Every structure is written in C-alpha cells, then in structure tokens.
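The values are calculated or read from the model by the stated rules, or taken from the named source; none is laboratory data. Everything numeric in this text was worked out from a predicted model, so none of it was measured. Neighbour counts run over all protein chains shown; Cβ positions are idealised from the backbone, glycine included. The protein model used for the area step is the full one, side chains on, heavy atoms only, and it has no ligands, DNA or RNA in it. Shrake-Rupley method; radii C 1.70, N 1.55, O 1.52, S 1.80 Å.
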Amino acid sequence: MAQEDVFKKVVSHCKEYGFVFPSSEIYDGLAAVYDYGQNGVELKNNIKQYWWQSMVLLHENIVGIDSAIFMHPTIWKASGHVDAFNDPLIDNRDSKKRYRADVLIEDQMAKYDEKIDKEVQKARKRFGENFDEALFRETNPRVLEHKQKRDALHERFAKAMNDNDLAELRQIIIDEEIVCPISGTRNWTEVRQFNLMFKTEMGSTADAASTIYLRPETAQGIFVNYLNVQKTGHMKIPFGIAQIGKAFRNEIVARQFIFRMREFEQMEMQFFIKPGTELDWFAKWKEWRMAWHQNLGFGAENYRFHDHDKLAHYANAATDIEFNMPFGFKEVEGIHSRTNFDLGQHEKYSGKSIKYFDPELNESYTPYVIETSIGVDRMFLSVICHSYCEEKLEGGETRVVLRLPAALAPVKLAVMPLVKKNGLPEKAQEIINDLRFHFNCQYDEKDSIGKRYRRQDAIGTPYCVTVDFQSLEDDTVTLRWRDSMEQKRVKISELQGIIEDNVTITSLLKKLK
Ligand code: ATP
C-alpha cells in the first residue's frame, strides 16, 4: 500500500475507533485542534506514563513538577519568545495559500534525496547481488549531480536561516523554481516573520500590562521553579526536572493530522549540570532517549538523529530524533544543550539571583542545561502509524490490526462469553471483576465471536478471553493473542500472571537498558 494511503487510513481509523476526533466537529471543526476519544486517551496516558516513569522512577536524581500554563509575561520576554519565536511565512498570490518558507525549501532538499534514492534503487535492481551501494553513491554521475545541488542548496539555506535573511530565503525559493502545490505557480509574496505565541488578557482591564501568553513550551515553567525544587528537594547537581503539559503555538501551516497542532502536549525534562560538562551529558541523553524509543520494538531502522545546522539562540548543540512516518522521517523529539541561557536571562529580567551553590566546589554558579523535549501527540502518531496493519488471512478475508506494543494498548484484555445465556455472561463478569484492578478490561457479548475479535484487533487489544461451557465445568478459558491469533486453553487463575507479564508499563521499563 502506498504510504500516502496508509496515512489516510490511519486518520480515518483513529476517528472510527475512538482514538482521535477533529475538535468541535459538529461546528465543522477547528483547524489543527483535535480531541482524543475513549481509546485515544488511554493510549496517550500510557505513552505519558512510559515517559514519566522512565524519567522519574528510573532516575533517582530526576523529579517532576506541574507548573501553570499562564505565567508572568516577562518570562517570555526573558526567554526570547516575544522577540524571536517566529517562523518565516510566504504567501502564494494565486492560491492565497500560506506556507513556511523554510519548510518549502526543506521539501525541495528532500526531493533531491528522493531522486538519489531512486537512482540507487534502479541500480540495485539492475546489478542484483553484486551491487556495491557505497561505490555507486560515490561514483555515479547522476547521483553526484543531485548531491551537489542538494549540498549547495543546504549550505545556502543554512546561511540564510542563521543570518535571518528573509530576502535570501525568498530568492532561494525563486531560484529553485519552487511552485505552490495548489496553484502550481511561482507568484510568491515577500517572506515575513510571524510570531507563534497566542495572546490573551488577564483580569478586567485590557491594558498592555495585562496581556499574557499561552505557553509555547513547558520548559520555562521548569526554569523559573528550578531553585524551588533544588532547595526543597535538597537536589545536588546533576539533577533533572520533568514535566508533562499543554503547549500552544499558532502554527502557520497546520497539516498532517496531529503532527502539527495549535494545542498540543509536551513531555520535557531539563537536566541541570555543571558548566563545561554539557557535551558529555548531551551525548548521554542522546543515547538514553534513542534507547527509550527503540525499546518499543519498531526497529532501529525507523529512527535517526538529525543534528541541527541552525542552532537556536540559546543552544550550543542540538539534535532531533526523527521517526519514519508515512510522510517521511520527521522530528518527534528534540535534545538541546541550552547552556545557561534561560537561567541567566531569568536572573537578569527578575533581578533575583538564582545561582546554585555547589557544596563540593564551595562556589556558586548558574547551571547549564540539557533539555529533552518530546511531543506526546507526535509520539502517539508515530506509534499508531507503525502499528496499523492490514493483514490478509487464510480464506481471503482481511483484518485490520493495531500491533501496538502491549504496554501501550488502551485495553489489555477483552472477556467474551461465547453466548449470551446459560451462565456464561455471569462467569465472564466474574473474571472481569477480578482482573479490572490490575489492567484495563472490556466486556463484549455483542455479535459473533469472529466480529468481536476483529473489533478488539482494530483497537490493538493484546488478549481476548472466551468463556465457553467448559469454563463452567473446569474453570478454564481460551486465551487468544492478537498478533498470531493463536489460542490456548488456560486456567482462569493463571490469567492475571500471564497477561500482567506483558502488558504493564513496568514490563516495558524493565526492558530498558
Ligand atoms: P517543528 O520544527 O516541527 O516545528 P520544533 O523544533 O519547533 O518542531 P520544539 O520546539 O523542539 O519543536 O518542541 C519539542 C517537541 O514538541 C517537538 O519535537 C514535537 O514533538 C513537539 N511539537 C512542537 N510543535 C508541535 C506542534 N505544533 N504540534 C505537535 N507537536 C509539536
């Protein structure tokens, strides 16, 4: 199936099975805002738990907080967001569509990469087993030509972004002959900066002083509380503070479903360290965060690092962890070495000293910070895209199955009486009443067993238990595993142990090295 079709199917599957709904749907929706349904919220909560526990339970020196969305407006002045949290936008005069100039250029670079990949694929077919891909990439004239164009574009783009040169960004779009995907024309406006923060007013007077922002990242709530936590928690450097919460950005182009939203959720951890140690910690956190992702079992080939050319004003090293989405490798998480920029700025703007006293060195300093920042919604999207699977069964039937990692699945166990009478529903309820304290269970007695299995496959339920007449006699049931559809007869008393070993967040955490 073409990747584009996979993506469309994932989007409609999410709606049909109660994972994600467009917000305010009965009023025709609100652009780039989504609601999570009954299954979506469970999956989302499991992702959050996997992250939270891996940070806060597995690291003695990391604690959590939950700071408010509204913060003093000067915080956003100090952090640089008021002046510099901008995206370069450009409009096409014919289609009246608005684009991010940097994204148009990045897409153009991806096109050169695609051309190179096509050449490689063609050659692989032609040469078969004897194909030496590395040699081909180094010597083939067409590959070299595409690569040279791509590299030149990349260099020019990186410089324009670093210099904040909006005229040059526009010129690149013109020179590369990039057209609007809707109108097909090159009738572009100038490039302008657009601030992504939402503003609102606090209190009853609408003067400038009452303007506040919806936070565009959760990180600042951690920075302004770091000394509170350090002092009350007696934390010693190095230590980290983790937080999960909503963030808001008025994205210019919202697209790709929950990939780019205007209201979304972040899981951020700021790790406070001694100045000079930041590059070592940066390398460690890169490794740990990649291990966390790969622990889900989606295959190492589906992840890659993308080191930043253009460093944000506060960073001295930055990388993204990208996942192979149906629309290409895309950022899911950012890891940034933020130096002492944020804490230094808050000291300056608040006029208060927030230095850390290091008892070992017997001196005070402003700590450096490594940040790991991941979007819950993007993580959700990567999990669901990778898990969605249409499978041909013997007999020609197709089943849609979500091969979710069992620990993330919304429902862990469905209990089904074979028929709706003769004491089977009561027996099934008995099992649920016992197991519901341990994991999320669902009772289902409607339709044929086959249909019920399909329903559970479609929401990714790892286990189904069927209660039949034999169950009444010997307290055994059939236990069906989602992926292989294999069924085996087990004692009711053994169910909890078998299932728990595979479906808890703890089981996933134990696999983390
Ligand atoms: P992008 O380049 O895609 O706009 P970013 O580099 O601005 O993302 P960060 O500021 O590093 O993103 O935010 C950290 C994480 O928050 C991202 O890796 C992503 O998972 C998530 N995130 C950022 N913006 C959005 C959004 N509009 N919708 C959903 N998730 C987002």
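What are the GluC sites (Glu not before Pro) within segment 356-389 that DSSP puts in a loop, where the Cβ has at most 12 other Cβ atoms within 10 Å?
Within segment 356-389, the qualifying GluC sites (Glu not before Pro) (loop, at most 12 other Cβ atoms within 10 Å) are GLU360.
What's the extension gain from ASP358 to GLN38 if we count 0.36 nm per residue and subtract their Cα-Cα distance?
Extra length available between ASP358 and GLN38 comes to 110.4 nm.
So what J values fall out for segment 447-462 if you push phi through Karplus, 6.51 cos²θ - 1.76 cosθ + 1.60 with θ = phi - 60°, rounded to Hz, Gly and Pro as x?
Ordered by residue, 3J(HN,Hα) equals 6, 5, 4, x, 5, 5, 4, 4, 4, 6, 4, 5, 9, x, 5, x Hz.
Using Cα-Cα distances under 8 Å and only pairs 6 or more residues apart, what relative contact order does the chain have, in percent?
14
Could you list the GluC sites (Glu not before Pro) in segment 407-501 that lie in coil according to DSSP, counting only those with at most 12 other Cβ atoms within 10 Å of their Cβ?
GLU486
For the residue pair GLU331 and GLN53, what label-to-label distance in nm results when each label sits 7 Å from Cα along the Cα-to-beta-carbon direction?
Using points 7 Å along Cα→Cβ, the separation is 3.0 nm.
So which chymotrypsin sites (Phe, Trp or Tyr not before Pro) in segment 106-138 are both in a DSSP loop and have at most 14 other Cβ atoms within 10 Å of their Cβ?
Hits after loop and neighbour filter: PHE131.
Which three numbers, in whole Å and largest first, are the semi-axes of the equivalent ellipsoid of segment 1-158 derived from its Cα gyration tensor as √(5λ)?
Output for segment 1-158: semi-axes of 39, 26, 23 Å.
Run the simple label-point estimate for GLN121 and ASP151 please: 7 Å along Cα→C-beta, distance reported in nm.
Roughly 2.5 nm, to one decimal.
Taking the Cα centroid of segment 291-354 and of segment 376-392, what is the distance between the two, rounded to the nearest whole Å?
22
Could you state the angle between the C-alpha long axis of helix 492-503 and the longest principal axis of the C-alpha atoms of the chain, as a value from 0 to 90 degrees rounded to the nearest 10?
Taking the Cα atoms of the chain, the angle to 492-503 is about 20 degrees.
Using the beta-carbon distance between ASP175 and ALA84 and R0 = 25 Å, what value does 1/(1 + (r/R0)^6) give for FRET efficiency, to the nearest 0.05?
0.40
Suppose R0 equals 45 Å. What FRET efficiency, 1/(1 + (r/R0)^6) with r the Cβ-Cβ distance, do ASN164 and LYS284 give to the nearest 0.05?
0.90
Kindly report the accessible area of the chain per residue (heavy atoms of protein chains, probe 1.4 Å, no ligands, DNA or RNA), in Å².
49
Just subtract the alpha-carbon distance of ARG399 and PHE21 from 0.36 nm times their residue separation and send over the number in nm, one decimal.
133.8 nm
Starting from 0.36 nm per residue, how many nanometres of slack lie between LEU144 and ASN130 once their C-alpha separation is accounted for?
3.0 nm
List the lysines whose Cα lies under 22 Å from the Cα of LYS44, skipping any in the same chain that are fewer than 8 positions away.
Of all the lysines, those that pass the test against LYS44 - Cα under 22 Å, at least 8 places apart if same chain - are LYS8, LYS9, LYS15, LYS246, LYS330, LYS412, LYS510, LYS511.
Tell me the Kirkwood radius of segment 177-294: reciprocal of the mean inverse pair distance over distinct alpha-carbon atoms, in Å.
Evaluated on segment 177-294, it is 18.4 Å.
Per residue, how big is the convex hull around the C-alpha atoms of the chain? Give it to me in cubic angstrom, could you?
Spread over its residues, the Cα hull of the chain gives 216 Å³ apiece.
For segment 86-194, treating each Cα as an identical point scatterer without solvent, what Debye log10 I(q)/I(0) comes out at q = 0.10 1/Å?
-0.38
Could you check how many percent of all C-alpha pairs in segment 46-106 are farther apart than 18 Å?
Summing the P(r) of segment 46-106 above 18 Å gives 67 percent of all pairs.
Tell me, what % of the accessible area of the chain is carbon and sulfur with a 1.4 angstrom probe?
49
For helix 278-294, report the angle its Cα long axis makes with the longest principal axis of the Cα atoms of the chain; keep it between 0 and 90° and round to the nearest 10°.
Approximately 30 degrees, to the nearest ten.
Return the distance in nm (one decimal) between the two label points of a simple spin-label model at ASP307 and ALA31, each offset 7 Å from Cα along Cα→Cβ.
A separation of 3.7 nm, rounded to one decimal place.
Could you work out the helix-only [θ] at 222 nm for the chain, with each DSSP H run of four or more residues adding -39,500 (n - 2.57) and the total divided by the number of residues, to the nearest 500 deg cm²/dmol?
Mean residue ellipticity at 222 nm (helix-derived): -12000 deg cm²/dmol.
Report the calculated FRET efficiency for ASP107 and THR74 (r = Cβ-Cβ distance, R0 = 45 Å), to the nearest 0.05.
It comes to 0.75.
Averaged over every viewing direction, what's the projected area of the C-alpha convex hull for segment 232-286? Give it in nm², one decimal, please.
Its average projected convex-hull area is 5.9 nm².
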